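Comments concern the structure below.
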Amino acid sequence: MNKATLLLSIAGGINKKKLIKASKNCAKAQENTLRSILEYAKDSEYGKEHHYAEILQAKTADELYALYQKNVPPIHYEDIRPLVERHKNGEANILFPGKPKMYATTSGTSSEPKWIPITEEYYENIYNKMTKVWLYSLIEQRPKVFSGKIVSIVGKSIEGAAPDGTVYGSVSGVTQRDCPQFVKDLYTAPACVFEISDYKARYYAIMRMGIEQDVTLIVTANPSTIVEMQNNVNEFYDRYCEDIENGTINADLKIDQRIRDELKAYLKPNPKRAAELRALKEKYGTVLPKQYWPNMQVLNTWKCGNTHVYLDKFKDSFPSKMCHVEFSYFSSECRSGLVLDETINTVVFPHMHYFEFVPEEEIGSDNPHFVQLSDLKPGKRYSIYVTTYSGLYRYNMDDLIEVSDYYNTIPRIHLVQKINGIISLTGEKLAENQFIEAVRKAETETGLKTQFFVGFASLNDSAYHFYYEFVRQDVSQEEAEKFTAAVDALLKKDNIEYAAKRDSFRLKDPITHIMQKDSFEEYKKTCINNGARDGQFKLNLLMQDEKRQEMFDQLIRR
């Protein structure tokens, strides 16, 4: 057992015991957590305004929850944006005691990004401790996971600062920055690679340094990143070999000289590895991870929601013995828990967050009935609300989750889709997963296979626009129109409201667009070059978003 495995097993084992203890009585853990958060924030402006001290006088759990729901309204980010702005401008004790340690920035429903406060309390109790359990869980699944090197794709730890000087950036980047040195020693590349602004150059640096080494773990939340990594390999494989042989990095790439200078310390001539890589290309032609990283133990990405669109692109690319671990139900707002096995199901941590849920059938109701974590039923779907140590109180995640089973008394959940992935131009309530399923069935019916697809609802047209990149580049417009007709018919069959709106002409015929080759890759490249973080990059496959639709209009085959 190497040093990393030993030390992570000790630290992770200690914190997992705390989870196991909480799992014995999930309901009690939730009561204790809510009381702890309210006690922490009771003297903040928000806590005083919403009577946290009075709520804490509750004698029973039911009384506590009733008072909390009575005094504290459910919120979206826009409800607290003015309060976050006050924190950003230097005010303390607004949403929580003191000021944030940092902000995690992420896209919002308005044109302005969301600035999610991360308090010292939250960072230490959630990111620090949960990270140890996460790494230990990987060891439990594949004991040799830390026997080699790690390719980890994260955002820049620090991207800038608020007006008062509090930094903002990627929490994953900060977590990696603050990890123990014995873990840092396992990374194939230093953190400066994530500061490379040019999209292609960044992937080149990551993969040129990664492919040289014996990688046993890849960590990147978004599976589309894996597709991009392999695309870079396919384009630059021969150049990698030259660079590895000479201990250099492609001089033609747009990499700041400061970063180049920092990378030099990690680069030495390695003609032996270059020869091995050239031999692999001679044997296989297109070289895949299972060839250049044959000892891979764990791939850690999201696998839920619409991600299978990307997963299908590399499903046979890795060693068969490798374990593909779901990244867990996790966002900038809340790292809710962890997947501890080879399923897609997250064990939420009842001793670190307080959770509430609205049953699927009551989503959108004027007076929904909120249920507790311990009330959830397997097979049922819910909208999830979180309360955290970072100033989010009854915060609507706008996510539809499904309960699978239990970890002792803790429900295990997985993401189904964003709730805003349900579109309703005229009351049809068309869900993203219905659209995805219709496209998949249409592929079987028509024999046409898509490489990528996306749909947009247009209020001006009172119609859906369907964009396809087909595997066959010579698909005609007529063939594509027939494909759309098949999708339309399947949607009518699966969604009676959609059928009613189509049959009554309230929804017009869907409009078909054929996209150029590598359309998704081009779209993602544009987004990241415009400032989106790779690790946070997400794309619903069914949207009502004129700005994004215009971007896909630029990718239509001419």
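Assorted remarks:
- The residue that is modelled with the highest pLDDT, counting only those in the range 541-558 that are in a strand (DSSP E or B) and buried (at least 16 other Cβ atoms within 10 Å of the Cβ), is LEU542.
- Subset of the range 314-358 (residues that are part of a loop (DSSP other than H, G, I, E, B) and among the aromatic types (Phe, Trp, Tyr)): PHE314, PHE318, PHE327, TYR329, PHE349
- Among the residues making up the range 2-47, those that are farther than 13 Å from ILE410 by Cα and touching a Pro at 6+ places or on another chain (Cβ under 8 Å) are THR5, LEU7, THR33, TYR40, ALA41, ASP43, SER44.
- Candidates in the range 165-180 are the residues that are open to solvent by 20 Å² or more (accessible area, probe 1.4 Å) and among the small types (Gly, Ala, Ser); of these, the one that is farthest from the chain's Cα centre (by Cα) is GLY165.
- Condition met for LEU64 (touching a helix residue (DSSP H, G or I) at 6+ places or on another chain (Cβ under 9 Å), more than 26 Å from SER332 (Cα to Cα) and modelled with pLDDT of 95 or more): yes
- Residues being of a type in the set (Gly, Ala, Ser) and either open to solvent by 60 Å² or more (accessible area, probe 1.4 Å) or under 9 Å from PHE483 (Cβ atoms) (or both) - total across the range 443-457: 1
- From the list LYS24, LYS28, the one residue that fits, being out of contact with any Gly (no Cβ under 7 Å at 6 or more places or on another chain), surrounded by 13 or more Cβ atoms within 10 Å (Cβ to Cβ) and of a type in the set (Lys, Arg), is LYS28.
- When each of LYS517, LYS538 is tested for being of a type in the set (Lys, Arg), at pLDDT 90 or above and surrounded by fewer than 20 Cβ atoms within 10 Å (Cβ to Cβ), the lone residue that passes is LYS517.
- Single residue of the range 299-343 satisfying the filter (within 19 Å of ASN15 (Cβ to Cβ) and of a type in the set (A, V, I, L, M, F, W, C)) that is modelled with the lowest pLDDT: PHE330
- Helices (runs of 4 or more DSSP H) fully within the range 204-313 counting 2 or more residues that are open to solvent by 70 Å² or more (accessible area, probe 1.4 Å) and of a type outside the set (Asp, Glu): 224-246, 257-264, 271-284
- Among the residues of the range 401-422, those identified as in a strand (DSSP E or B), open to solvent by 10 Å² or more (accessible area, probe 1.4 Å) and aliphatic (A, V, I, L, M) are LEU415, VAL416, ILE422.
- Among residues of the range 425-441 that are among the polar types (S, T, N, Q), those with a beta-carbon under 7 Å from a residue that is modelled with pLDDT of 90 or more and in a helix (DSSP H, G or I) at least six positions away or on a different chain give the pairs GLN434/LEU491.
- Of all the listed residues (GLU443, GLU432), the sole one being of a type in the set (Asp, Glu) and within 26 Å of LYS547 (Cβ to Cβ) is GLU432.
- When residues of the range 493-513 are limited to those that are basic (Lys, Arg) and surrounded by fewer than 17 Cβ atoms within 10 Å (Cβ to Cβ), the one farthest from ALA438 (Cα to Cα): ARG506
The values are calculated or read from the model by the stated rules, or taken from the named source; none is laboratory data. Predicted, not measured: the structure shown is a model, and the values here were computed from it. With ideal geometry, Cβ positions are generated from the backbone for all residues, glycine too; neighbour counts draw on all protein chains shown. What goes into the accessible areas is simple: the full protein's heavy atoms, side chains included, and nothing from ligands, DNA or RNA. Shrake-Rupley method; radii C 1.70, N 1.55, O 1.52, S 1.80 Å.
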